[in-house]
Amino acid sequence: MNEHGKNATPRVALVTGTSSGIGEAVVKHLCQLGHQVLAVDFNPAGENVAEAAGAAFFQADLTDPEACRAAVAEANKRFGGVDILVNNAGIQHVAPIEEFPEEKWRQIIDLMLTAPFLLTQAAWPHMRENGWGRVINIASVHAQVASPGKSAYVSAKHGMIGLTKTAALEGGAQGITANTICPAYVKTPLVDNQIADQARMHGMEEQEVIENIMLKNAAVKRLIEPAEVAEMVAFLASDSAGAVTGSSWNIDLGWTAQ
């Protein structure tokens, strides 16, 4: 079996944004591979998801810097450290720049860029001491391109690529890799909410949003399954991916091929 399959070395993973969607799929998959997982989410419903998968749960508002450090401290206490960090937590707000609320901008940047930095910073000493670590940032096709109405989201995701590249350069000599996964639209509650927001913003029916906005630039005309992203996480978290770092992995249905 491949190194990232069920015979892989068991590690400790901390995954954020785990109550549904990509995060839920990642937690399930990593648990199935035998890793110890701490699932971190603001939503208390995440505890049921974690329990069903065989993971531990830690409730935290990651827009609070102390909560980020507390999440890593919880993993250290329970499992002895964090080997695999999956920064996935995210929110969305759609509005033109001139109407975009400042508090929403700050919330999105705090959760989707500052929190990944702080979590990486807190997890780094254990990875360095062990000579092995994986930082996997879940970005978006919007880390590569932009769309109207998503100024904060696009800015955070573009910044995540810069953070990833810097971590890759700093971690290489210490056995730590850092990579970004950039999916197009995935079947998640976050995307469901975007459909409604985009419909209002553009004066469209929701099905028109899917066909004329979300899938317009896609060569493969479908939404992505969360499990497909989880499979990529498992590979990047494996020993087989030890030479892979500083890269952005597009799961984008061909969005950026043109």
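The values are calculated or read from the model by the stated rules, or taken from the named source; none is laboratory data. None of these values were measured; they are calculated from a predicted model. Quick reminder, even Gly has a Cβ in these numbers, built from the backbone with ideal geometry, and neighbours come from all protein chains shown. To get the accessible areas, we keep the full protein, side chains included, count just its heavy atoms, and leave off ligands, DNA and RNA. Shrake-Rupley method; radii C 1.70, N 1.55, O 1.52, S 1.80 Å.
Restricting the calculation to alpha carbons of the range 1-137 gives Rg and Dmax of 15.3, 53 angstrom.
Scalar couplings 3J(HN,Hα) for the range 126-131, obtained by applying the Karplus form with A = 6.51, B = -1.76, C = 1.60 to θ = phi - 60°, are 5, 4, 4, 5, 7, x Hz; x denotes Gly and Pro. The orientation-averaged projection of the convex hull spanning the C-alpha atoms of the range 139-199 amounts to 4.6 square nanometres. Count the net charge of all other residues whose Cβ sits under 12 Å from the Cβ of Ile195, scoring Lys and Arg as +1 and Asp and Glu as -1. Residues close to Ile195 contribute a combined charge of -4. When the chain is treated as a Gaussian network with alpha carbon springs shorter than 10 Å, the biggest mean-square fluctuation among Ala219, Ala67, Ala50 belongs to Ala219.
Taking GluC sites (Glu not before Pro) as exposed when DSSP calls them loop and at most 14 other C-beta atoms lie within 10 angstrom, the chain has its longest site-free stretch at 4-204.
The fraction of accessible area contributed by carbon and sulfur in the range 205-247 is 50 percent, rounded to a whole number (1.4 Å probe; ligands and nucleic acids excluded).
Lysine pair count for the chain (Cα-Cα distance under 20 Å; residues 8 or more apart in sequence or on different chains): 10. Taking Gln207, Gln144, Gln107 in turn, the Gaussian network model of the chain (Cα-Cα springs below 10 Å) assigns the largest fluctuation to Gln207.
Taking a Cβ cut-off of under 13 Å around Val12, the surrounding Lys, Arg, Asp and Glu residues balance to a net charge of +2, with basic ones at +1 and acidic ones at -1.
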